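So the structure is just underneath, and the comments pick up after that.
Every read-out reported here was derived from the displayed coordinates using simple, explicitly stated rules and does not represent laboratory data. Remember, predicted model here, so these are calculated numbers, not experimental data. Ideal geometry is used to build each Cβ from the backbone, glycine not excepted, and the neighbour counts take in all protein chains shown.
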Amino acid sequence: MTYLDFLLIFDSALRLATPLILCAMAGLISERAGIVDIGLEGKLLAGAFTAAAVATLTGSAWMGLCAAVASSVFLSMIHGFACITHKGEQIISGIAINILASGATVVASVALFQRGGQTPTLDRDERFSPIDLPSTEALTDIPWLGPLWKELISGHTIPVYIALISVPLIWWLLWRTRFGLRLRAVGEMPAAIDSAGVSVTWLRYRALIIAGILCGIAGAFLSTAHGAGFVREMSAGKGYIALAAMIFGKWKPWSVLAACLLFGFLEAGANRMQGTPLPIVGEIPIEVVLILPYVATVILLAGFFGKAIPPRALGTPYRKER
Amino acid sequence: MTRLPAWIEYLLIPLMNLTLAFAVAAVVVMLIGENPIDALTVMINGAFVYEGALGYTLYYTTSLIFTGLAVSVAFHASLFNIGAEGQAYLGGLGALLVALMLQDWLPMILMIPLCIIGAAAFGALWALIPGWLQAYRGSHIVITTIMFNFIGAGIMVGLLSGSLMRPGQSNPESLLFEDNARMPQLHNLLGEFGIELGRSPLNLSIVFAALACFGVWLLIWRTRWGYALRTMGASEPAAHYAGVPVPRMIVTAMCISGALAGMMAINTVMGDQGKVTLGFPAGFGFTGIAVALMGRSHPVGIILAALLFGALLQGGSELDFEFQTITREMVLLIQGLIILFSGALSLMFVPWMERRFARKEIA
């Protein structure tokens, strides 16, 4: 394999990791605030559908993105209404959102487009197209750096860059601002935040709003940047892999990013290696590679390499003492 | 602590939640531009009236009873088994392996119980590992069962397109169950006695589902083990203090849960398709969660809820034929709404109800 081959695998890994990064950051912020979010998958799917549908109807990818964010935040708010306001079971609410989204997206797309659950294929200008970063031309002739810049760093769609920026942003928000300090505290010990006179409810709602925005962008990436339209169940478990990556990264932004890139790399490598035998082990079926993220997460959760400690108040609704 | 009268808690509140879910679904149908009453009529006809419709409804109900019971047994231990889907999938593998090994030699009377045991054992195995990890390593059961759904699906794809694939097939599906390893279908069975029944995949599994309901009721409410299980579900420290071996109970509860989920496979795989197909559990494991929630984790409630969801699934498939703009995924939407209202938002009406009705009890 040449240097260029490696670059191409990394390039495709980055694209495959993009929805994972966005969703995992969404999960991270919501779980850091104490709300379990297994509804990532549903929000991603809803985002993907709305983005494609609105992009088709308005002809603008940006309108699609905004609509995707709106629909995903809407689902987040349902989650909040059930889990924060009514102190319902967070896991059940998450499952409800996932099932709701997988039903509603097909129902809506059949009602709107009558194409058996798909949206019409998007034109070039209804999608996010790859953008060339400045100085790509100038660097082309430089060995190593030139191809690296051209193939890997430049030439992605805007949501990819948003995903990459979201990581330091979330880190900064959670560890360098007062809001972040309070948000993390609300996931560990909400009673302390409450007695300091800060609203637990409003903090958790804000965490869910941010999570909704991130999932919406991830959805828009799937249908209007990576793909050219919505197909049913197009999220294909990515929300759950993001959940796994979030746990694998132990609820820390940089580690989560690393986990997402690793999982993306596994998938990209598996796609590339399909059919080619490896030394020693022979040909590995792609299914085996694709379940590796889940296996790794289970092993991590079992405490066999390092301990993954979730936020302490995770999953428990806050009740004011009376 | 105030208590609501039983009729409110077990009848009125579930009915209100259900009504709310259907009301939202009706609004969606109206937004699409169709008449919700028409859609409902189509679904009711499709689920009960047309020839063979009832058979299909009961066939789906059978699957849902198994997965609903599976989720409910874990619920009683306050464990959340979202892995019923994967356990059912592996259950199919268990039944298939038993069938492939023994069906050339043994008669039906032995094959069917053995295959059921195979399905239950593989389902139990797929729940054993998450259960063990929860009990002894403290890893969260929700996450591990989700992961195990995907791991199971990956393994099954690998096997069905690999060593277990039937030669000459373009789609990944397994070798066949011979007749002596298939669950007899009721229309054939009753036909022998001269009773005419519309053709449907309804099979003898429904009897086993009924037995499972009775068994679960007996186990949970009439045995010492069941009492310990419910104690653990109510308060783990209390159970521990009373001498219940909590970790072992968690593992056993998960195994029973997984075995029940695995038995769903006898209905679809042995009773209808006669082979293991790609993704045959088709979301029934997840619907089992809705069934257990609606049925308040009680076998009688589960039967009723399974019937409701079975009718929805069968009636929903009729929507495809009758409407241009409504598809069977409408049922998925309704299902999501039911889980939302009767699960996540189940406490919504309670404070209001308490103000209204609980006063009598205090006075």
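See the values below:
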read-out	value
Residue that is away from chain A (no Cβ under 14 Å) and of a type in the set (A, V, I, L, M, F, W, C), where the choices are B:L175, B:L133	B:L175
Of the criteria (1) within 19 Å of the chain's Cα centre (by Cα); (2) within 30 Å of A:W144 (Cβ to Cβ); (3) among the polar types (S, T, N, Q), which one A:S76 fails	(2)
Number of the exception - A:G180 against (1) more than 29 Å from A:L45 (Cβ to Cβ); (2) without any contact (Cβ under 8 Å) to a residue 40 or more places away in the chain; (3) surrounded by 16 or more Cβ atoms within 10 Å (Cβ to Cβ)	(1)
Out of B:L125, B:L96, sole residue that is in contact with a strand residue (DSSP E or B) (Cβ under 7 Å, 6 or more places away or on another chain) and either more than 14 Å from every other protein chain (Cβ to nearest Cβ) or within 30 Å of A:A244 (Cα to Cα) (or both)	B:L96
Selection status of A:K87, in a helix (DSSP H, G or I) and either crowded, with 24+ Cβ neighbours inside 10 Å or basic (K, R) (or both)	no
Residue selected from the range B:148-159 under the condition over 19 Å from the mean Cα position of the chain (by Cα) and within 8 Å of chain A (Cβ to nearest Cβ), by the criterion nearest to B:M254 (Cα to Cα)	B:I151
Among residues of the range A:121-157, those that are more than 27 Å from A:F49 (Cβ to Cβ), out of contact with any helix residue (DSSP H, G or I) (no Cβ under 8 Å at 6 or more places or on another chain) and in a helix (DSSP H, G or I), counted	3
Residue in the range B:236-243 that is under 30 Å from B:L102 (Cβ atoms) and aromatic (F, W, Y) present	no
From the options A:L14, A:L65, residue that is over 30 Å from A:V200 (Cβ atoms) and surrounded by fewer than 24 Cβ atoms within 10 Å (Cβ to Cβ)	A:L14
Filter pass, A:G27 being buried (at least 22 other Cβ atoms within 10 Å of the Cβ), in contact with a Leu (Cβ under 7 Å, 6 or more places away or on another chain) and not in a helix (DSSP H, G or I)	no
Candidate set: the range B:196-243, residues that are without any contact (Cβ under 8 Å) to a residue 40 or more places away in the chain and basic (K, R); chosen: the one surrounded by the most Cβ atoms within 10 Å (Cβ to Cβ)	B:R222
Elements of type helices (runs of 4 or more DSSP H) contained in the range B:271-363, each with 2 or more residues being away from every other protein chain (no Cβ under 14 Å) and buried (at least 24 other Cβ atoms within 10 Å of the Cβ)	B:299-322
Every residue from the range A:76-97 that is of a type in the set (G, A, S) and either touching a Ser or Thr at 6+ places or on another chain (Cβ under 7 Å) or more than 7 Å from every other protein chain (Cβ to nearest Cβ) (or both)	A:S76, A:G80, A:A82, A:G88, A:G94
Condition broken by A:V110, with the remaining ones in (1) more than 24 Å from B:S346 (Cα to Cα); (2) in contact (Cβ under 8 Å) with a residue 12 or more places away in the chain; (3) of a type outside the set (D, E, K, R) satisfied	(2)
Lone qualifier among B:I143, B:I151 - being in contact with a Ser or Thr (Cβ under 8 Å, 6 or more places away or on another chain) and under 21 Å from B:A70 (Cα atoms)	B:I143
Residue satisfying condition, being under 17 Å from A:I131 (Cα atoms) and of a type outside the set (D, E, K, R), within set A:V231, A:V200, A:V160, A:V167	A:V160
Index of the failed condition, B:G162 passing every other in (1) more than 14 Å from chain A (Cβ to nearest Cβ); (2) small (G, A, S); (3) exposed (fewer than 15 other Cβ atoms within 10 Å of the Cβ); (4) within 30 Å of A:L300 (Cβ to Cβ)	(1)
Hits in the range A:95-120 (condition: assigned to a loop (DSSP other than H, G, I, E, B), in contact with a Lys or Arg (Cβ under 9 Å, 6 or more places away or on another chain) and more than 16 Å from A:T224 (Cβ to Cβ))	A:G116, A:G117
Test: residue in the range A:98-119 that is away from chain B (no Cβ under 14 Å) and out of contact with any strand residue (DSSP E or B) (no Cβ under 8 Å at 6 or more places or on another chain)	yes
